[in-house]
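Here's the structure we're looking at; comments come further down.
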Amino acid sequence: MFIGFSLSQFIVLILSLLDQQTITLLSYINISFYIASILIFTSMVVFTVHSGFFDAISYSFRTVFAGKEEKNHSRNDITPLSELITINANPLFLVGLFDFLLMLSALYVYYL
């Protein structure tokens, strides 16, 4: 998790340098907000998929759009979407949360 947090902070600093050609507190706040939001949103999507919310929808699409030879398979042969996605959402969420908290503390310093 520390490596992910360090990597996200490095990406924030690199993007700040590419965008503004200098690292300012405001550019750090703006870019870290985007990075933290992307990480938290991605972790929530992965968590929703893991919960099995989209299993029925993916099963329906697979059976409707399956070829002729695939329709002969039984219902148990189709792997649910929640079992196909094996990414752990917790590290993404924690790194995004730490980035967001660091962004909020930088925002507090900015408005002092």
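The single condition among (1) assigned to a helix (DSSP H, G or I); (2) surrounded by 11 or more Cβ atoms within 10 Å (Cβ to Cβ); (3) of a type in the set (Ser, Thr, Tyr); (4) over 13 Å from the mean Cα position of the chain (by Cα) that Tyr108 does not satisfy is (2). Just the residues that are closer than 29 Å to Asn90 by Cβ and among the hydroxyl-bearing types (Ser, Thr, Tyr), please, taken from the stretch 18-39. If the condition is that a residue be closer than 29 Å to Asn90 by Cβ and among the hydroxyl-bearing types (Ser, Thr, Tyr), then Tyr28, Ser32, Tyr34, Ser37 are the ones that fit. Among the candidates Ile31, Ile23, the residue that is outside any loop (DSSP other than H, G, I, E, B) and either hydrophobic (A, V, I, L, M, F, W, C) or in contact with a Lys or Arg (Cβ under 7 Å, 6 or more places away or on another chain) (or both) is uniquely Ile31. Within the stretch 12-47, the residues that satisfy the criterion of being surrounded by fewer than 16 Cβ atoms within 10 Å (Cβ to Cβ) and under 13 Å from Leu102 (Cβ atoms) are Leu13, Leu25.
Only residues that are modelled with pLDDT of 90 or more, among the aliphatic types (A, V, I, L, M) and touching a Phe, Trp or Tyr at 6+ places or on another chain (Cβ under 8 Å) were counted in the stretch 49-93, giving 1. Looking at the stretch 81-105, which of its residues are over 12 Å from the mean Cα position of the chain (by Cα) and assigned to a helix (DSSP H, G or I)? Within the stretch 81-105, Leu81, Ser82, Glu83, Leu84, Phe98, Asp99, Phe100, Leu101, Leu102, Met103, Leu104, Ser105 meet the criteria.
The values are calculated or read from the model by the stated rules, or taken from the named source; none is laboratory data. Quantities reported herein were computed from a predicted structural model and do not represent experimental measurements. Cβ sites come from the backbone with ideal geometry, for glycine too, and all protein chains shown count toward neighbours.
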